[in-house]
Structure formats: C-alpha cells, structure tokens
1. Any chance you could count how many residues in the range 109-145 are touching a helix residue (DSSP H, G or I) at 6+ places or on another chain (Cβ under 6 Å) and of a type in the set (Lys, Arg)?
2. Filter the range 1-55 down to residues that are outside any helix (DSSP H, G or I) and in contact (Cβ under 8 Å) with a residue 24 or more places away in the chain, then give me how many there are.
3. Kindly evaluate Thr113 against the criterion of being over 23 Å from Pro36 (Cβ atoms) and among the polar types (S, T, N, Q).
Amino acid sequence: MTVVLKHSIASALVLAMCGIFFIESLSYPVTAARLPQILIVILALLAVLMLVESVVRQRKQNKLDEKTEDSGLVSKVQSTKEINEIEKKEPIKIKRVLIFGTMIALYIFLLETLGYFILTPLFTFGALMYLKATNIMMAIILAVGFTVVIYFLFSMLLNVPIPLGIFF
C-alpha cells in the first residue's frame, strides 16, 4: 500500500469522524459547542494538509524518478536512495501504545470519581514522564499549568462544569 493511499484512508476516516462530531456538537448549547467545533475544524484542516503533503511529496518523488530514468545520472539515484532512507519510519512499539492507551482509559474512567483537580495533574505528569518528553521539574510545571489553564478555559470562559470527584 502506498503512502498516499494510507494517508488518503487516514484523512478520510478523520474527516468522517470530524463530520460526525461536528453534527453532534450542534446539539450543544452555543457556548459549550464553541471549543469542540474549533478543535474539530482544526483537526479537519490538519487531515487535509496531511493528504496534500503526501501527494506533493509523492509527485516530487515521481519527478525525481523520471529525471533519474531519463538522464541516467548516478547522483540522482543516490539522492532518491537518500530520500527513501530518510522517510523510513521506526516501527511502532505496540507495548508502549497499549500502555499509554490504558493510561488514557484509566484517566477517563476515574475522572468522575477522583475529580479533575486530582487526576489531571497526575495523568499529565505521568504521561510526560512515561513518554520521556521532559525532565521532572518541567513535567510538574506543565502538569499544574495545564490543569489551571484548562480549568479556566472550560469553567470560566465556556461555563462547562468540571468533575470535582469525591474529595470536593
């Protein structure tokens, strides 16, 4: 399966989900629907951009291959090989994906019980550390900062209630 075909399928699936979610968001109150609709539009644009980038990259590759065949230059062949080596991807680590997916599922499952203010900083910190995205001090700052920003965005700006859990 070619890269363009894979990206086309992924883009189509994302656009279909965006359409479904956007239609669903129309049933929300106007204030509550604003953020999901903005995020849905951004996601749809990114899906289209991914497809366009893939098509453009494939066209460049095809032109380079045609030039190589026409001229027979070794340097063109080498540059094509270099491009192919750069685009080789590291295999997906299924175990890491499953563990991170489980972390997300646990977050969603425990959010109502433990509440946003306890679970979100713990989850954010744990995710950052598990993904080895930053050091401990920056992970703490990001976890607390993210929690506060999202609280103000949803609670104060959009008037969406935050799950408080059993402790509040």
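1. 0
2. So the answer is 1.
3. Taking the combined requirement at face value, the residue satisfies it.
Values in this text are rule-based calculations from the coordinates and carry no lab data. Remember, predicted model here, so these are calculated numbers, not experimental data. In this analysis, Cβ positions are derived from the backbone assuming ideal geometry, glycine residues included, and neighbour counts consider all displayed protein chains.
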